[in-house]
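Written below as structure tokens is the structure these notes are about.
Values quoted throughout were computed directly from the atomic coordinates according to the rules given, and no laboratory measurement underlies them. This structure is a prediction, so every number in the text was calculated from the model and none was measured. Glycine also receives a Cβ, built like all others from the backbone with ideal geometry; neighbour counts cover every protein chain displayed.
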Amino acid sequence: MFDFQAHAAYFSLHDFSLAMKWTGLTAAIILVLFAASPLTSAQRNNGKKDPGTIFSDVQRGISESNVADFSLHFHSQVHVTLRGGESGLYSANQAYYILQNYFHDRKPVKFSFTTFSSSDMNPYATGGAAFNIRGGRERCQVYVALASYGGRWVITHINIY
């Protein structure tokens with residue numbers, strides 16, 4: 001007599017074993033591809049960047065209204081204060097979109113950092129900016145502060161006032 005239950009149990013175990021082998025193989029392939037994938041120089045060197053390099057990225061990003069130039073350096077929580085706009089503690093993603101919306105309305109005329117701190121604990125930079133907005137000119141001060149977190153420098157504060 002044919003034992004259907006024993007036969008079904010064998011196939012279930014066999015199918016489970018095959019599924020685990022495929023899952024393990026798939027995970028191994030993904031791991032190898034991830035490890036071999038090229039990183040951008042910013043991703044590869046972010047932990048090694050000195051504060052001056054990060055401030056240069058911020059200056060370029062603000063000058064070109066391109067938040068992506070410096071958002072890689074955001075801490076997971078960023079204090080953002082904008083003249084006539086948002087103010088508060090935001091996640092890195094929220095800070096990105098808040099700043100992107102802010103720069104969407106303002107076209108930079110000029111911006112450069114003019115003062116840099118000499119503090120090794122909490123470096124900061126400040127400078128003057130001018131933006132064209134709705135046919136007028138807006139002048140403001142920009143303040144960016146960094147902190148060391150997880151062995152790398154991250155942006156913790158951005159104030160435009």
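Structure summary
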read-out	value
Extension gain (nm, one decimal) between R60 and A147, 0.36 nm per residue minus Cα-Cα	29.3 nm
Residue order, fewest to most surrounding Cβ atoms within 10 angstrom, among Y143, Y124	Y143, Y124
Net charge contributed by nearby residues that have their C-beta within less than 14 Å of G135 (K/R +1, D/E -1)	+2
Length released on extending from D120 to R83, taking residue separation times 0.36 nm less the Cα-Cα span	10.5 nm
D_trans [Stokes-Einstein, Kirkwood Rh over alpha-carbon pairs] for region 45-160, 20 °C, 1.002 mPa s, µm² s⁻¹	152
